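A quick write-up on the structure given underneath.
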Amino acid sequence: MGSSGDVNWKLEDHPKLPKGKTIGLIVLDGWGESEPDQYNCIHKAPTPAMDSLKNGKPDTWRLIKAHGTAVGLPSEDDMGNSEVGHNALGAGRIYAQGAKLVDLALESGKIYEDEGFKYISESFEKGTVHLIGLLSDGGVHSRLDQVQLLLKGFAERGAKRIRVHVLTDGRDVLDGSSVGFVETLEADLADLRSKGVDAQIASGGGRMNVTMDRYENDWNVVKRGWDAQVLGEAPHKFKSGLEAIKTLRAEPGANDQYLPPFVIVDDSGKAVGPIVDGDAVVTFNFRADRMVMHAKALEYEDFDKFDRVRVPKIRYAGMLQYDGELKLPSHYLVSPPLIDRTSGEYLAHNGIRTFACSETVKFGHVTFFWNGNRSGYFNEKLEKYVEIPSDSGISFNVQPKMKALEIAEKARDAILSGKFDQVRVNLPNGDMVGHTGDIKATVVACEAADVAVRIILDAIEQVGGIYVVTADHGNAEDMVKRDKAGKPALDKEGNLQILTSHTLKPVPIAIGGPGLSAGVKFRQDLETPGLANVAATVMNLHGFVAPGDYEPSLIEVVDK
Ligand SMILES: O=C(O)[C@@H](CO)OP(=O)(O)O
Ligand SMILES: [Mn+2]
Ligand SMILES: [Mn+2]
């Protein structure tokens, strides 16, 4: 991916903008713009740094789209997310993303003609096909309707025995919605059974507790999934998926994101669906970050992250390939978007020295996603990526400041060192704490992110540089589900429904700093620009013209 063939990497000089300015590029994760009310944690938090970029600055502050088709998602009802957001920010173009590519492959039936399906279907006659993934209609990592089509498609094409290993969501969808999703799945599996297919749920657990860790923050999460899915072992055993979810949710403090692992057992107490030799496994998440670790456990012969105890010989395919560089997994049902010629790669070819930093839970966002789902450096002489270890084993409302200060200090030092032309960070607080649904903690989180912004802006001020502050999608600016009129929607018991997910809101972008040439301002002629317009903007601020097929720059230079 990326560095192929006959690309002309040389960027033209910008006719008006100089080179050599240090750019501080800040992505506030989960920081959208919404009505100022009590459920808007960004509004509630003291955010003097961000306010100073906005108030009275119409030429250098604006909103851009961060959801739906502007970031390559199937529809305008799709909230933004970090993967598509950082892809768009870094790549400068809009790619049809995983959700959309899977929809198309299912619609056309091509999914069943390609190599990945042929490979796993070799197990249909004698083995079991296991489907593992996030059971939700959130559309960030997976979609239930796609799983339903796959189940039907597999059965019609000869699968005799199917086991589903469900990960409950509550992060991209309302907490408690797992019950409805499992009911829907159970009904589909019953329908398959009536047609002679031996189909049932085999195991499960909450996404943040079982399987879906990312960037190696906590391998125990993946291990818990392995034990339940492969070994058929878990602390909780139930007769059905629905019984499992209902019982575990009734525990005090339980929520969908963190349900403990469970297995489904038969009347004799034996797990109904451990993964064994000869089986096929399909992981149905299309998004990569939270599947890479699990894919390594399923695919790698040499593996030392935990004791797998038993490593079955399986035919494994991902919904997509989750890491193009590692070719992981080697079999997949749908080809991922091939995001090439990202701004990071161009800038490296043009001598720009880049520093990128975040803490573990968002580290891959400012590196891997930013660079078009590519791990590693383009040019290790010019780039330095620093990961600050995240706290693990906690939900972030307990430590809402996270590592914002540490990230800001690393960025400040990188800016002041004079060794870098671009210093890029992701500040995770609004998003990671927003996902907990804890409003008080999210306010603290937003304040911490704002303090970090101030530190980076001050460093940019000192070196005469330029700042670009933006976000990848909304989250902390709206913490309740709303009705059509925008009022908080109450459930049947009259309770507020806390929104743990991202939103459909636009995000701010602000530019400035002493290095910003006089006359630079946001253009008014772009109708609905989005995150993909940021890459060309940043290239301009580095003194270059962006490649012709990039989405247009947000800025113009008017003569002063
Ligand atoms: O935590 C995640 O995996 C997603 C939400 O599902 O959030 P983000 O896109 O911000 O990483
Ligand atoms: Mn994000
Ligand atoms: Mn998020």
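When only C-alpha pairs under 8 Å and at least 6 residues apart count, what is the relative contact order of the chain, in percent?
Working: 1363 pairs, mean separation 152.5, N = 560.
Here the relative contact order equals 27 percent.
Answer rounded, prolate or oblate for segment 299-347, using the Cα gyration tensor with square roots of eigenvalues a ≥ b ≥ c: rounded when a/c is under 1.5, else prolate when a/b is larger than b/c, else oblate. Before the final figure, lay out the partial values.
Working: a/c = 4.68, a/b = 1.91, b/c = 2.45.
Judged from the Cα gyration tensor, segment 299-347 comes out oblate (a/c at least 1.5, b/c at or above a/b).
Of all beta bridges DSSP finds with both residues in the chain, what is the antiparallel percent, to the nearest 5? Before the final figure, lay out the partial values.
Working: 18 of 69 bridges.
In the chain, DSSP labels about 25 percent of beta bridges as antiparallel.
Under the Kirkwood approximation applied to all pairs of distinct alpha-carbon atoms, what is the hydrodynamic radius of segment 99-334 in Å?
Numbers: mean 1/r = 0.0578 Å⁻¹.
Averaging 1/r across every pair of different Cα atoms and inverting gives 17.3 Å.
So, with a 1.4 angstrom probe, what is the percent of accessible area on the chain that is carbon and sulfur?
Numbers: 10350 of 21170 Å².
Carbon plus sulfur share of accessible area: 49 percent.
Can you show me the helix-derived [θ] at 222 nm for the chain, built from DSSP H runs with n ≥ 4 at -39,500 (n - 2.57) apiece and divided by the number of residues, rounded to the nearest 500. Walk me through the numbers on the way to the answer.
Details: 16 runs with 159 residues, N = 560.
The per-residue figure over the chain is -8500 deg cm²/dmol.
For segment 68-82, in order, what is each residue's ³J(HN,Hα) by Karplus, 6.51 cos²θ - 1.76 cosθ + 1.60 with θ = phi - 60°, in whole Hz (x at glycine and Pro)?
Each residue's phi maps through the Karplus curve to give x, 5, 4, 10, x, 8, x, 9, 6, 8, 8, 5, x, 8, 5 Hz.
Using the Karplus equation 6.51 cos²θ - 1.76 cosθ + 1.60 (θ = phi - 60°), what ³J(HN,Hα) coupling, rounded to whole Hz, does each residue of segment 95-111 give in order, writing x for Gly and Pro?
10, 4, 8, x, 4, 6, 5, 5, 3, 5, 5, 6, 4, 7, x, 4, 4
If you wrap a convex hull around the alpha carbons of the chain, what volume per residue comes out, as a whole number of Å³? Walk me through the numbers on the way to the answer.
On the way: hull volume 83.2 nm³, N = 560.
Value for the chain: 149 Å³ per residue.
Tell me the angle of helix 404-417 to the major Cα principal axis of the chain, expressed in degrees between 0 and 90 and rounded to the nearest ten.
Helix 404-417 sits at roughly 40 degrees to that axis.
What is the set of long-range amide H partners of Thr128 at a cut-off below 5 Å, with H atoms built 1.01 Å from backbone N?
Residues meeting the amide H criterion: Asp279, Ala280.
Working with all protein chains in place, sort Asp549, Asp103 by solvent-accessible area computed with a 1.4 Å probe, largest first. Please report the intermediate quantities before stating the final value.
Details: Asp549 75, Asp103 35 Å².
Highest to lowest solvent-accessible surface, that is Asp549, Asp103.
As I understand it, the value is the acute angle between the Cα axis of helix 178-194 and the longest principal axis of the Cα atoms of the chain; what does it come to in degrees, rounded to 10?
Between helix and principal axis, roughly 40 degrees.
Taking a 1.4 Å probe, which of Val311, Val425 shows the most accessible area, and what order do the others take after it?
From most accessible down to least: Val311, Val425.
Not counting ligands, DNA or RNA, and with a 1.4 Å probe, what is His165's accessible surface area in Å² rounded to the nearest 10?
Here the accessible area works out near 0 Å².
Whenever you get a sec, line up Val444, Val182 from highest to lowest accessible area (probe 1.4 Å, protein heavy atoms).
Values: Val444 55, Val182 0 Å².
Most to least solvent-accessible, the answer reads Val444, Val182.
Please turn the phi angles of segment 16-27 into ³J(HN,Hα) values with the Karplus equation 6.51 cos²θ - 1.76 cosθ + 1.60 (θ = phi - 60°), one per residue in order, whole Hz, x for glycine and proline.
10, 9, x, 9, x, 8, 6, 10, x, 10, 10, 10
Once ligands and nucleic acids are excluded and a 1.4 Å probe is used, how much of Ser121 is accessible, expressed in Å² to the nearest 10?
30 Å²
The values are calculated or read from the model by the stated rules, or taken from the named source; none is laboratory data. Just so it is clear, the model here is predicted, and its values are computed rather than measured. In case anyone asks, the SASA skips ligands and DNA or RNA and just uses the protein heavy atoms, side chains included. Shrake-Rupley method; radii C 1.70, N 1.55, O 1.52, S 1.80 Å.
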